[in-house]
Amino acid sequence: MLRSRSIAIRLQRQLTTRVAWHAYPETSRRTLLKSQMYEITFAGRAGSAVRAAFDDCEVSVALDTTTLHVELPDQAALWGMMQRIMGLGLEVVELRQLTVPASSVDGTADPMSPGG
């Protein structure tokens, strides 16, 4: 009896989720989420081992800081990136979400360039 009740509850949740997505087809998960560019700066100069750990990012090394530029699909990916940084014992000194110019959507502007 208990097993059939838990299965029924699970099926009800799955059905409710499906109905919610199909009730608003123009608002799919893909259109709700758009990737964002982030600039993450941590203290110290990254050596080759740290740079290799972030080979999926653009890495800029300054005099006493290292900055990562990375495009991430959602907040979970941002949290994962922060965990990677903290897992290496690095001290984050700044985190910025970069604004991507509207013209970059059609590919005419580079969001990493100073002029947009």
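Comparison of Leu2, Leu95 shows that the only residue that is of a type outside the set (S, T, N, Q) and modelled with pLDDT of 90 or more is Leu95.
Scanning the stretch 37-57 for residues that are charged (D, E, K, R) and either touching a strand residue (DSSP E or B) at 6+ places or on another chain (Cβ under 9 Å) or modelled with pLDDT of 95 or more (or both) gives Glu39, Arg45, Arg51, Asp56.
The set of residues in the stretch 61-81 that are surrounded by 16 or more Cβ atoms within 10 Å (Cβ to Cβ) and acidic (Asp, Glu) contains only Glu71.
The values are calculated or read from the model by the stated rules, or taken from the named source; none is laboratory data. This one's a predicted model, so the numbers in the text were calculated from it and none came from an experiment. Here the Cβ is made from the backbone with ideal geometry for all residues, glycine too, and neighbour counts use every protein chain on show.
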